[in-house]
């Protein structure tokens, strides 16, 4: 419920010196190839008055993501005014020849896309243009399908509010978050203190909805949960959900970036990780340690995949004995391609192995509770191994100079036991060792990375490109050295 529903519409454009039937019929062919789920605007745009009529029509039909189709060369001014005046993301595609002769059946849209792009640039307009935007009806339909997750992320970010409870824990400057970049993306932010959260939590004591949430937690964890923590955790979940509803203002979607230690567990009586995981499973990311850009990154991944995501530390190397026993000869990865992604327990249970359960945070127990004592308020983390899956590890970040930059790397979680604690998995990404040195270290990224449980790098790349991110790094193959990579090894 916290990500947009994309409602596609298609408008065909036609240059008046070309047969309008080329655009109209070719538009109909695309709609037939696409199937249900796209609104076909009956107005074919040739001039500026048509623009007004067509946009009124798609708006009346609930369209929030627009496909502009050049069925022939296309009218440069009207077709770009569609982008300027439409309220959501716009995609441009064009017709390939071949459905008629090359006299009256030739549309020259291959040429028209060039002038369309030039005009978009002159007007400083953002639009999505596929890698190769000229195609048959079936090819154009597939391009539109690939536009859907991109449009969903763009719409979501433009209507997002990030709510924080902070400030950051001491020594976590790695989560530094200049908010200038948020405003450039159109994201709103509301910053609160941890005390505000505590006051609201106490006000939810005895909430009539608590027993229902407790029962749902018990069912989700199949009893692998501390019974005496259930009421407090349910109370906290309702606190966050109510805060989101009451504070999102004119925004439609919400993500959280919360301070989770050192004061939180002692004052609230538990660790918030499991509750955070439950919200993430509903498309409401709750990032750890007030990581604002981590929350934003997670939310973008949730929009792109329509699935639960998580935020993990790029945490520790895989010991050679584990590599030798469980990876070497079984998977085509060097040991430097592998690492462990970890966090205290915020990964949703739907992305964990079956043996996961609500446990205690070992590191916080060492730090906050008496040596040798049984864990008390440091309980509440969702611990276990992360299930094997395709993944995309990525992050959108505003650096210390206020510049937005990003990275994307596709890989997988291996079906290898971690022999460790927390929510943790063995990750493998091709050429991770070089990527770690020449992107993550060289470009000074923090240790937190967002994880989507699918290979969605193509869509994420287009989203970041749409947002104007000039620096989109990725795990380059050996044949493509990094600028800072020593050629002599």
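The values are calculated or read from the model by the stated rules, or taken from the named source; none is laboratory data. All values derive from a computational prediction rather than experimental measurement. Quick reminder, even Gly has a Cβ in these numbers, built from the backbone with ideal geometry, and neighbours come from all protein chains shown.
Miscellaneous remarks
- Count of residues meeting criterion [within 24 Å of residue 418 (Cβ to Cβ), part of a helix (DSSP H, G or I) and either in contact with a strand residue (DSSP E or B) (Cβ under 6 Å, 6 or more places away or on another chain) or without any contact (Cβ under 8 Å) to a residue 12 or more places away in the chain (or both)] in the stretch 281-299: 3
- Scan of the stretch 454-479 for residues that are in contact with a strand residue (DSSP E or B) (Cβ under 6 Å, 6 or more places away or on another chain) and over 27 Å from residue 90 (Cα atoms), ordered by number: 475
- Those residues of the stretch 181-202 which are touching a residue at least 24 places away in the same chain (Cβ under 8 Å) and either in a strand (DSSP E or B) or under 22 Å from residue 235 (Cα atoms) (or both), in sequence order: 188, 189, 190, 191, 192, 193, 194, 196, 197, 198, 200, 201
- Test: residue in the stretch 62-81 that is surrounded by fewer than 24 Cβ atoms within 10 Å (Cβ to Cβ) and out of contact with any helix residue (DSSP H, G or I) (no Cβ under 9 Å at 6 or more places or on another chain): yes
- Enumeration of residues in the stretch 36-54 that are in contact (Cβ under 8 Å) with a residue 24 or more places away in the chain, closer than 21 Å to residue 139 by Cβ and in a loop (DSSP other than H, G, I, E, B): 37, 41, 44
- Criterion applied to 345, 372, 355, 329 was being at pLDDT 95 or above and either surrounded by 24 or more Cβ atoms within 10 Å (Cβ to Cβ) or out of contact with any helix residue (DSSP H, G or I) (no Cβ under 9 Å at 6 or more places or on another chain) (or both), and the one residue passing it is 329.
- Residue check for residue 220: at pLDDT 95 or above, over 26 Å from residue 313 (Cβ atoms) and part of a helix (DSSP H, G or I): no
- Candidate set: the stretch 244-264, residues that are touching a helix residue (DSSP H, G or I) at 6+ places or on another chain (Cβ under 6 Å) and within 19 Å of residue 187 (Cα to Cα); chosen: the one modelled with the lowest pLDDT: 257
- Restricting the stretch 142-166 to residues that are over 21 Å from residue 4 (Cβ atoms) and either touching a strand residue (DSSP E or B) at 6+ places or on another chain (Cβ under 7 Å) or surrounded by 18 or more Cβ atoms within 10 Å (Cβ to Cβ) (or both), the residue that is modelled with the lowest pLDDT: 166
- Test: residue 450 is over 23 Å from residue 184 (Cα atoms) and either out of contact with any strand residue (DSSP E or B) (no Cβ under 9 Å at 6 or more places or on another chain) or at pLDDT 95 or above (or both): no
- Of everything listed in (1) out of contact with any helix residue (DSSP H, G or I) (no Cβ under 7 Å at 6 or more places or on another chain); (2) more than 29 Å from residue 273 (Cβ to Cβ); (3) in contact (Cβ under 8 Å) with a residue 24 or more places away in the chain, the single unmet condition for residue 465 is (3).
- Total residues in the stretch 118-145, condition under 22 Å from residue 185 (Cβ atoms), in a helix (DSSP H, G or I) and in contact (Cβ under 8 Å) with a residue 60 or more places away in the chain: 0
- Looking only at the stretch 413-438, and only at residues there that are outside any strand (DSSP E or B) and under 26 Å from residue 271 (Cα atoms), the one that is farthest from the chain's Cα centre (by Cα): 419
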